[in-house]
Amino acid sequence: MGVFSTTSGLTSADPASSDLSRPPQVVHPLVQVKNLRKEYTTGRGKLVLFAGLSFEVAQGDLLAIVGQSGAGKSTLLHILGALDTPSEGDVYCASIPLKTLSTKQAASFRNREIGYVWQFHYLLPEFTALENVAMPLLARGESRAAASRNAQTWLEEVELGDRAEHRAGELSGGEQQRVSLARALVTQPKLLLADEPTGDLDSGTADLVFSLIERMHQGHHLTSVIVTHNMALARRCSRVLRLDKGRVEELNPQVI
């Protein structure tokens, strides 16, 4: 399922076609999942959430993961983002084997390569929108002035530049989720992970927030993986995977 870019082996004296003489290059997927298994030990024995999962996410994909509640969608997303570890199998992100990362390395990897948007915004209520968005940059050691400038830029990207000094409790649910999106993208990650990002919103606000995610995805050349129960939103993605009974199945977004 890899993505390949091939070029002709022909040569030409025309400078405009000189690239054709270059050897073929393999473009690796941004995310590779190989034989993934996750199980938990309970009082009744082992609970296998999923097993044998293998799939890839190409650079630029807008991928929806759908399935019944309890199927393991959120757990899978946590594993993709190095927030959880599988029982077996491997996950590679940008060719990095995530299971080889130490706790400190995983934290640095998340800060630099991954943007997260959750169903609940998890904004710190005592801080302003600007301060919430700036926090990932402060955590990586940027100066307060630089972090604030970048945070303001991203608040303007999500159309909240005029709400920068408002605390979380002074914002609507949709505004809070837009601040959460700005916070996820302020580090300019390679991969955006979103877990039911519109689940707490009414249908109209959900559509507006998802449209903003689509615009950010396209405008900033992101690779995005979104867990959702909303099939209308899933149909707007370039790919859909259904997690069901411990397995993944690729669906056609146009017919789900």
Might you let me know whether the stretch 225-234 holds any residue that is surrounded by 17 or more Cβ atoms within 10 Å (Cβ to Cβ) and touching a Cys at 6+ places or on another chain (Cβ under 8 Å)?
-> yes
Subset of the stretch 119-152 (residues that are part of a helix (DSSP H, G or I), over 27 Å from Lys104 (Cβ atoms) and touching a residue at least 12 places away in the same chain (Cβ under 8 Å)) = Ala129, Leu130, Gln152
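For residues that are more than 18 Å from the chain's Cα centre (by Cα) and not in a helix (DSSP H, G or I), scanning just the stretch 197-213, find the one that is surrounded by the most Cβ atoms within 10 Å (Cβ to Cβ).
The first filter runs over the stretch 197-213 and keeps only residues more than 18 Å from the chain's Cα centre (by Cα), leaving 200-205, 207-208.
Checking the rest, the ones that are also not in a helix (DSSP H, G or I) come to 200-202.
Numbers: Asp200: 16, Leu201: 20, Asp202: 10.
So, considering only residues that are more than 18 Å from the chain's Cα centre (by Cα) and not in a helix (DSSP H, G or I), the one surrounded by the most Cβ atoms within 10 Å (Cβ to Cβ) is Leu201.
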Among the residues of the stretch 54-82, write down those that are under 16 Å from Pro29 (Cα atoms) and either touching a Ser or Thr at 6+ places or on another chain (Cβ under 7 Å) or assigned to a strand (DSSP E or B) (or both).
-> Ser54, Phe55, Glu56, Val57, Gln59, Gly60, Asp61, Leu62, Leu63
When the stretch 184-196 is examined, which residues are found to be surrounded by 21 or more Cβ atoms within 10 Å (Cβ to Cβ) and over 18 Å from Glu214 (Cβ atoms)?
-> Val186
Kindly list the number of the only condition in (1) buried (at least 19 other Cβ atoms within 10 Å of the Cβ); (2) in contact with a His (Cβ under 7 Å, 6 or more places away or on another chain); (3) on the phi > 0 side of the Ramachandran plot that fails for Leu62.
-> (3)
Does at least one position in the stretch 153-173 carry a residue that is over 27 Å from Ala206 (Cα atoms), out of contact with any Phe, Trp or Tyr (no Cβ under 7 Å at 6 or more places or on another chain) and either loosely packed, with under 14 Cβ neighbours inside 10 Å or not aliphatic (A, V, I, L, M) (or both)?
-> no
Restricting attention to the stretch 239-256, the residues that are in contact with a Gly (Cβ under 8 Å, 6 or more places away or on another chain), of a type outside the set (A, V, I, L, M, F, W, C) and at pLDDT 90 or above number exactly 3
Please state which of the following conditions Leu123 fails to meet, knowing it meets all the rest: (1) over 30 Å from Asn252 (Cβ atoms); (2) at pLDDT below 95; (3) surrounded by fewer than 21 Cβ atoms within 10 Å (Cβ to Cβ); (4) among the hydrophobic types (A, V, I, L, M, F, W, C).
-> (3)
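The values are calculated or read from the model by the stated rules, or taken from the named source; none is laboratory data. Just so you know, these numbers come straight off a predicted model, no measurement behind them. Every residue, glycine among them, receives a Cβ derived from its backbone with ideal geometry; neighbour counts consider all protein chains shown.
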